[in-house]
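Here the structure comes first, spelled out in structure tokens, and everything after it is commentary.
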Amino acid sequence: MSGAEKLTAKILGEAESFAEQVISGARQQAEAILTKARQEAENRRKQLLEQAQKQAEERKRRTRTIAELEARKALLAAKKELVEDTFARAVARLQQLEPEEYRKVIASMLLAAAETGTEEIIVSAADRARLTDDFLRQVNKKLAKQGKQGKLKFAAETRDIEGGFILRTRDAEINSSFPALLRMQREQLEPDVAAILFA
């Protein structure tokens, strides 16, 4: 082998060695990049999975909370309806009292509501048949004993009211119908009614 061949062989050997080192380095670098990319992909996958689980749990919690709120609203609506029904039944029971008992209740209410004893009494058509002129004379006598004028009279008109009466003065009307009286007392009565119904 001549000197030039040796030199060429040496250069080729060194070039091959250098090329192998470069290739080996590139392989190591590529392997490191791939390993890092795999690790990052795995971390991202775990992160996305964690996020998805948290979001699913949050949606589940929100759905459960909404369902609980809807259930509470439905329960409150049912309770409110039951209380409404109870007050409506109370009015109906007052209207259905025996005639004598009904007259006693109305007389008591008139004695308490009449300020001067000269007011007009407006009742329903059904009550006008139940509350006779004799009934009114007795109420007026009791009013006179209280120091009032005792000149209550039935109005010519009747109204569509559910029991009780409307007392008309020169200036105003005082609604003493059963529904109106219950409405006025409702705030005080409702807690007791609810306690009895839902105990």
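Quick notes on this structure:
- From the list 54, 104, the one residue that fits, being within 30 Å of residue 139 (Cα to Cα) and either at pLDDT 90 or above or surrounded by fewer than 10 Cβ atoms within 10 Å (Cβ to Cβ) (or both), is 104.
- Only helices (runs of 4 or more DSSP H) whose full extent lies in region 108-198 are considered here, and the ones with at least 3 residues that are closer than 16 Å to residue 88 by Cα are 178-198.
- Sole exception among (1) in contact with a strand residue (DSSP E or B) (Cβ under 7 Å, 6 or more places away or on another chain); (2) free of Cβ contacts under 8 Å to residues at least 24 places away in the same chain; (3) over 15 Å from residue 110 (Cβ atoms) for residue 187, by number: (1)
- In region 124-145, the residues that are in contact (Cβ under 8 Å) with a residue 12 or more places away in the chain, surrounded by fewer than 16 Cβ atoms within 10 Å (Cβ to Cβ) and of a type in the set (Gly, Ala, Ser): 125, 144
- Within region 160-199, the residues that satisfy the criterion of being over 24 Å from residue 86 (Cα atoms) and in contact with a Ser or Thr (Cβ under 8 Å, 6 or more places away or on another chain) are 167, 169.
- Filter result (in contact with a helix residue (DSSP H, G or I) (Cβ under 9 Å, 6 or more places away or on another chain) and either surrounded by 17 or more Cβ atoms within 10 Å (Cβ to Cβ) or within 17 Å of residue 180 (Cβ to Cβ) (or both)) within region 108-123: 109, 110, 114, 117, 119, 121, 123
- For residue 83, the conditions (1) surrounded by 10 or more Cβ atoms within 10 Å (Cβ to Cβ); (2) part of a helix (DSSP H, G or I); (3) without any contact (Cβ under 8 Å) to a residue 24 or more places away in the chain are fulfilled apart from (3).
- Against the test of being surrounded by 10 or more Cβ atoms within 10 Å (Cβ to Cβ) and at pLDDT below 90, the options 199, 155, 194 yield a single qualifying residue, 194.
- In region 113-129, the residues that are touching a strand residue (DSSP E or B) at 6+ places or on another chain (Cβ under 9 Å) and among the hydrophobic types (A, V, I, L, M, F, W, C): 113, 114, 121, 122, 123
The values are calculated or read from the model by the stated rules, or taken from the named source; none is laboratory data. These numbers come from a predicted model, not from an experiment. Here the Cβ is made from the backbone with ideal geometry for all residues, glycine too, and neighbour counts use every protein chain on show.
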